């Protein structure tokens, strides 16, 4: 029987090692106070495996690039955009599908969804992009989605990359409408990555569209950086290790799920459900579930959560499952609680809470309440400093410093152009913190 | 010299039909224009119709997809997952046959999404609110809730609908706008459905629409508020453009409109340009044809004129050429007469002289004729004693007449001088005498009588020949006319003598007429004083 157990453990370990996604479930507080009702965090960590060798086992890509060719894109911008598009095409292989949509007054499909066995037609079409006219962004994205649909398969990474430098003004143009579109795309399993160029685009629209579809979002101030950002995005796409991720967290009675920090989740009583379109290679996706626990007696143990993660695995071409769970035990000693704290979870929680505060502060700044914005951020700063000392975690001190910087940005009065730029930067940064993936930071 | 009448006639021949045709064509074109405009309008409306039907077909296809998805669902618990997988579906629901909502089940724990769904779809389950079914062209009148008994307990309007149909759409208003549900009836009598995101629906429709319009126009899709949803086709719509065709879409997009724009003279560009060019071509072909015929006529008619002129010119030329040698003959004959004493010789010389004079007269006649044709006739009026003129001519004719056994008798007098051209006078008298000599030799006598009154002078030449029929009294004066009977045959003559004589008489203010006579011809030259 012992041999069997070792055998099973070994198999499980091997399975874990070769799994596209590794699941770790932890409690932020493995030890809690007895008898009391307290709040703690269940931390899930989804780790994407090393991406497969290029061109061998990686998932084939089904990509639509949607380019803004409105009048404002004229000159350097459109040239850089073309360069970025060419970069993308050069990274695709014969098993990948590429399509190109350009939009100004209307949306035109320059390259209908085609396998990149011969890329010359794609390059030629990229040359035909010309800047003039208004911004039919909705139509552009719709066409992009329609092209992706032609080769839409579960075993492909299906993606739309949208580049825009201005305000959508033809067709549905509000962030809410584009978010609806993003959600629909997400339901189809197509992520829309949005790249905002310059200081004239609507960052709410672009970030909400990406958020709703689980794509990436970047703010590119200077068009010189476009090619690099596109390259990073495509690098991410090529590194996708799992798709259609569904996370189910079941909490036993006595544990009440409150909220998931900085993520969209469906909480139904004891059950929490999250969905993601993809996990990238080497990505660390941390999910923090805040729960309310009614303490048992000292020495007793309690399961906090049972987690099941479902995902499409391109290697096995099957839907795989990862399971995990975590439990806590109870003590009467507050010191023990403090000592046993699981720092990585705390750090993640700190980041998440900072992001939540940052978003709230930005809302206040939008309304003109700079003081309030500063106050919200500084509360986080203080709390982090306290925690840093409390748990002897220098990482939290680092987080606190970063939060302080952000507090200054959010509370400082500035001319409108400065505010505009910092808003775009903030939105992009907040987005990356939520999505746990960056296409702007150089690796 | 081109004949003015001819030119006028030909011009009329060409222009009149063209004018008439042009007028007709213009009229018919105007009518045709109106007809074409209506036709084109109908075509545009049809094209717009087709585009709208295309949209309808896309939506029906999507409905079919949702239908299949709903068919696969066995129990309410599967619905949450089903909604997540359905691209157009924001939420799903299950209403059992006793009007209980089994999903989302409000007795269980609900996520926030599910809760807000229940709130905004309240009116669907109560049945107390009026369902907005207006505008859908395919929905028959019996579908309206008011025709059904409302307020039956627990009866949702949806269930009532489900009794009549298999599936359908329901739009309703809530806060921010129009929402949409697609439902189908399960065999158990339950009603399953999805709440459909209209934005996503629009995106699917856009994906299925073309990008170009072969008519170089532009299709514009607008929602119930008139906001632009989508456009395609390429034509740039200017703010003051009105749609060439427009229609409302059917359920579930009722309230949306599809309009077609194009250049305002698109219809003209498309149709009448070809029409007009066809018309123009027909027109110009006809015009060219008529012109060709007219030119041909012209050439033909001027040919005879040309030929006639050529002949006259030739004769004229010849006569001119003859004049000079003739003058020489006469001159030398005259000179010779002085040198010759012998009577026999002198007589022969006389004949030479009188014949050459006759030739001279003939040539003069011809030249006069041709000059008249060319309007170059000029007369030198002088104070003339007619008696002398008559005598001179008679003397010239004496010898030739004697040969024929005739003689000319001069009677009467004209003491008063008359204003006449001497050459012309001589020509007139000579022509009359020449005729008498030719045709009235049998009468033996030709009488030239002069009469003069205070108001006129008359010169009469009468003979005792066969005479001229009274009915031909005008015709004999026509050029080239010679009475065709045994008399004229064999007699040399040009037929222009009388014509010349009369012309000259007229030119000098007088008249030359044939007078009635019992026997023989009687010509009267009357010269007013």
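Just so you know, all these numbers are worked out from the coordinates, no wet-lab data involved. Quick caveat: nothing in here was measured; it's all calculated off a predicted structure. Glycine gets a Cβ as well: all are built from the backbone with ideal geometry, and neighbour counts include every protein chain shown.
Can you tell me how the range A:296-421 classifies by the Cα gyration tensor, rounded, prolate or oblate, using a/c under 1.5 as the rounded cut? Oblate.
Can you give the FRET efficiency to the nearest 0.05 for residue B:107 and residue A:325, using r as the Cβ-Cβ distance and R₀ = 35 Å? After rounding to 0.05, the efficiency reads 0.75.
Take every pair of alpha-carbon atoms less than 8 Å apart whose residues are at least six positions apart; their mean separation over the length of chain B yields a relative contact order of 10 percent.
Here residue A:282 and residue A:132 are evaluated by their C-beta separation; at R0 = 30 Å the FRET efficiency comes out at 0.10.
Highest mean packing comes first when the peptides B:30-41, A:85-96 are listed by Cβ atoms within 10 Å, giving A:85-96, B:30-41.
Length available on full extension from residue B:25 to residue B:175: 0.36 nm per residue minus the Cα-Cα distance, which gives 47.8 nm. Taking the fewest neighbouring Cβ atoms within 10 Å as the starting point, the ordered list for B:496, A:249 is B:496, A:249.
Helix B:422-439 and the longest principal axis of the Cα set of chain B meet at an angle near 80°. At q = 0.06, 0.08 Å⁻¹, what is the base-10 log of I(q)/I(0) for the protein assembly as shown according to the Debye formula with one equal point scatterer per Cα and no solvent? Please give it to two decimals. So the normalised log intensities are -0.60, -0.91. Per residue of A:147-153, other chain Cβ atoms within 10 Å of the residue Cβ number 1 on average. Using every Cα-Cα pair within chain B, state what percent have a distance larger than 31 Å. Looking at chain B, the distances longer than 31 Å represent 69 percent of pairs.
Among A:238-246, A:394-402, sorting by the average number of other beta carbon atoms lying within 10 angstrom of each residue, highest first, gives A:238-246, A:394-402.
Across peptide A:172-184, the average count of Cβ atoms from other chains found within 10 Å of a residue's Cβ is 4.
Volume of the convex hull of chain A (Cα atoms only), normalised per residue: 148 Å³. Each of residue B:340 and residue A:397 was given a label point 7 Å from its Cα along the Cα-to-Cβ line. The distance between the two points is 16.9 nm. Spin-label model, residue A:37/residue B:529: points 7 Å from Cα along the beta carbon direction are separated by 16.1 nm. Under the criterion of Cα pairs below 8 Å and six or more residues apart, the relative contact order for chain A equals 19 percent.
When you work out D = kT/(6 pi eta Rh) for the range A:254-333 at 10 °C and 1.306 mPa s, using the Kirkwood radius from C-alpha pairs as Rh and the Stokes-Einstein form, the result is 107 µm²/s.
Across the range B:381-529, Cα-Cα distances exceeding 19 Å account for 49% of all pairs. Distance from a point 7 Å along Cα→Cβ of residue A:57 to each backbone N in the range A:271-290: keep the residues under 15 Å and list them by number. A:281-282, by backbone N distance to the label point.
Beyond 20 Å, the tail of the calculated P(r) for the range B:43-113 holds 46 percent of the Cα pairs. Compared with the direct C-alpha span, the chain from residue A:366 to residue A:115 gains 85.8 nm at full extension, assuming 0.36 nm per residue. Going by neighbour counts of Cβ atoms within 10 Å, the residues B:119, B:476 line up, fewest first, as B:119, B:476.
Beta bridges from DSSP with both residues in the protein assembly as shown: antiparallel share about 75 percent, rounded to the nearest 5.
Axis angle, to the nearest 10 degrees, between helix A:416-435 and the longest C-alpha principal axis of chain A: 60 degrees. The C-alpha atoms of chain A define a longest principal axis, and helix A:370-390 lies at about 40 degrees to it. Go ahead and run the numbers for FRET between residue A:359 and residue B:41, Cβ-Cβ distance against an R0 of 56 Å, rounding to 0.05. Approximately 0.50, to the nearest 0.05.
Sorted from greatest to least, the principal axis extents spanned by the alpha carbons of the range B:284-439 come out as 82, 38, 29 Å. Placing a pseudo-label 7 Å from each Cα along the Cα-to-Cβ vector at residue A:316 and residue B:383 gives an inter-label distance of 15.3 nm. For the range B:47-62, the residues whose amide N sits under 17 Å from a probe point set 7 Å from the Cα of residue B:274 along the beta carbon direction are B:47.
Using helices alone, what [θ] at 222 nm do you get for chain B, with -39,500 (n - 2.57) per DSSP H run of 4 or more residues, divided over all residues and rounded to the nearest 500? Could you put the intermediate results ahead of the total?
Values: 11 runs with 254 residues, N = 529.
Taking each H run of at least 4 residues, the total per residue is -17000 deg cm²/dmol.
Only helices enter this figure: runs of n ≥ 4 DSSP H residues, each worth -39500 (n - 2.57), summed and divided by the residues of chain A, yield -13500 deg cm²/dmol at 222 nm to the nearest 500. Per-residue packing, averaged as other Cβ atoms within 10 Å, sorts the ranges B:107-113, A:31-37 into the order A:31-37, B:107-113, beginning with the highest. Neighbouring Cβ atoms from other chains, within 10 Å of the Cβ of residues in B:194-206, number 6 on average.
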